[in-house]
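The values are calculated or read from the model by the stated rules, or taken from the named source; none is laboratory data. Since we're looking at a predicted model, the values are computed, not measured. Every residue, glycine among them, receives a Cβ derived from its backbone with ideal geometry; neighbour counts consider all protein chains shown. Surface areas here come from the heavy atoms of the whole protein model, side chains and all, with no ligands, DNA or RNA. Shrake-Rupley method; radii C 1.70, N 1.55, O 1.52, S 1.80 Å.
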Amino acid sequence: MTKPRLYSGMQPSAESLQIGNYIGALLNWKSLQQTHDAFFSIVDLHAITVAQEPAKLRENTRGTAAQYIAAGIDPSASTLYVQSHVAAHAQLAWVLNTITGFGEASRMTQFKDKTARHGADATTVGLFAYPTLMAADILLYQTSVVPVGEDQRQHVELTRDLALRFNSRFGDTFTIPEVAIVKETAKIYDLQNPTSKMSKSAESHAGVIWLLDEPGITRKKIMRAVTDADGGVVFDRENKPGVANLLTIYSVLASRTIESLETEYAGRGYGDLKKGLVEVVLGTFDPIRERVAELLGDPAELDRVLASNAAKASDVANETLATVYDRVGFLPRR
Ligand code: ATP
Ligand code: LTN
């Protein structure tokens, strides 16, 4: 029996991934790669929709690949590759742009948020077209499952709309993908601002836990996490968002239920909870950090793995692109 096709990606927009990427995406990917024919990309074409320093981007792209592998993505079982190595992404995105409504694209909340954050001067056509490029990623591989964080749901819904539209206008071409979101961990919040999503490109890094941070820094950030004046270790997302966020992270990384943590820390205060969390986070990240250093110590080998996976990805992508070019009526180059 063939395994269902799965696709997901992350932007190489920082040197290190943050704990939200790890919990909301990588952990989930790691278990899904067993049961799915999985494609994982490092989406550098997406990353340049906001300004990137070229030398940094190259380094971050390798670094992100190393972090995927160190966190448990197996590049011989899954197709782990760099988006810009497969030309078909940009090519299909162009075609999809022509069937996407201007109003439809304007409604994407990520675009509105990023425009607000980076200012109107930084708003480019590329940022506007971010979702159609993401749709191309997904549709090129005839994907059936797209595991992402809650923030990406709207983009996957647009992808489905575009696939249905293309299929009805030009004939059955694309598989209609489903979004897969793990509810409990779909959103990890900033430790200093526990009502907004933790993000690689947050303005302040004080509330961002980086996979590759030194243990001392991680400890400090967790100990300084914003909580509340109530004092009780109780999961209450509405009234105690800071504590709820710490409990979520703890529960996922320690594979324990929230209830068992509430019981253990009942009457003990936030300091103890935070200390416990520090141990769990470092216990998870220490080995990952070591493995990343090993992998980056041999960049030629890493590049070789990425190249052979890009070749595999290209074969699948080019087949879909050829059908699309034919369906829209492009004259074949003989
Ligand atoms: P950027 O700030 O550059 O947009 P990001 O940290 O938001 O970066 P992405 O590269 O956009 O991360 O996302 C990679 C994956 O991680 C996506 O599946 C996304 O939904 C997930 N993700 C990102 N942040 C979180 C978070 N705070 N909680 C849960 N999942 C997250
Ligand atoms: N926009 C996504 C990254 C991404 C992606 C994809 C995720 C680009 N292409 C295709 C799933 C499928 C984000 O997480 N910011």
Margin query: Looking only at the range 151-167, filter to residues that are open to solvent by 10 Å² or more (accessible area, probe 1.4 Å) and more than 20 Å from residue 110 (Cα to Cα); which one of those is nearest to ligand 1 (Cβ to nearest atom)?
Written below: 164
Next item on the list: Restricting attention to the range 214-232, report how many residues are open to solvent by less than 30 Å² (accessible area, probe 1.4 Å) and either hydroxyl-bearing (Ser, Thr, Tyr) or farther than 23 Å from residue 17 by Cα (or both).
Entry: 2
Check: Which residues, counting only those in the range 172-185, are more than 12 Å from ligand 1 (Cβ to nearest atom) and either under 13 Å from the mean Cα position of the chain (by Cα) or open to solvent by 30 Å² or more (accessible area, probe 1.4 Å) (or both)?
Finding: 172, 175, 176, 178
Check: Does the range 7-15 contain at least one residue that is more than 13 Å from ligand 2 (Cβ to nearest atom), outside any strand (DSSP E or B) and over 22 Å from residue 143 (Cα atoms)?
Finding: yes
Item checked: Subset of the range 266-303 [of a type in the set (A, V, I, L, M) and touching a residue at least 60 places away in the same chain (Cβ under 8 Å)] -> 278, 281, 282, 288, 292, 295, 296, 302
Next item on the list: Scan the range 76-120 for residues that are β-branched (Val, Ile, Thr) and modelled with pLDDT under 95 and jot them down.
Entry: 109, 115
Check: Just to be sure, is residue 49 touching an Asp or Glu at 6+ places or on another chain (Cβ under 6 Å) and open to solvent by less than 20 Å² (accessible area, probe 1.4 Å)?
Finding: no
Margin query: Out of 9, 24, I need the residue that is at pLDDT 95 or above, open to solvent by 10 Å² or more (accessible area, probe 1.4 Å) and within 11 Å of ligand 1 (Cβ to nearest atom). Which one?
Written below: 9
Check: Can you find a residue in the range 248-266 that is outside any helix (DSSP H, G or I) and hydroxyl-bearing (Ser, Thr, Tyr)?
Finding: yes
Next item on the list: Only residues in the range 139-150 that are open to solvent by 30 Å² or more (accessible area, probe 1.4 Å) and among the small types (Gly, Ala, Ser) count as the first member; pair them with residues that are more than 10 Å from ligand 2 (Cβ to nearest atom) and assigned to a strand (DSSP E or B), Cβ under 7 angstrom, at least 6 apart or cross-chain, and list the lot.
Entry: 144/5; 144/178
Checklist line | Options 90, 55; residue that is in contact with a helix residue (DSSP H, G or I) (Cβ under 7 Å, 6 or more places away or on another chain), of a type in the set (Gly, Ala, Ser) and either away from ligand 2 (no atom under 15 Å from the Cβ) or assigned to a helix (DSSP H, G or I) (or both) | finding: 90
Margin query: So for the range 34-48 (the condition being within 12 Å of ligand 1 (Cβ to nearest atom) and modelled with pLDDT under 95), does at least one residue qualify?
Written below: no
Next item on the list: Specify which of the listed residues (253, 247, 306) is in contact with a strand residue (DSSP E or B) (Cβ under 6 Å, 6 or more places away or on another chain), of a type outside the set (Gly, Ala, Ser) and in contact (Cβ under 8 Å) with a residue 12 or more places away in the chain.
Entry: 306
Check: Hey, among 235, 285, which residue is surrounded by fewer than 19 Cβ atoms within 10 Å (Cβ to Cβ) and in contact with a helix residue (DSSP H, G or I) (Cβ under 8 Å, 6 or more places away or on another chain)?
Finding: 235
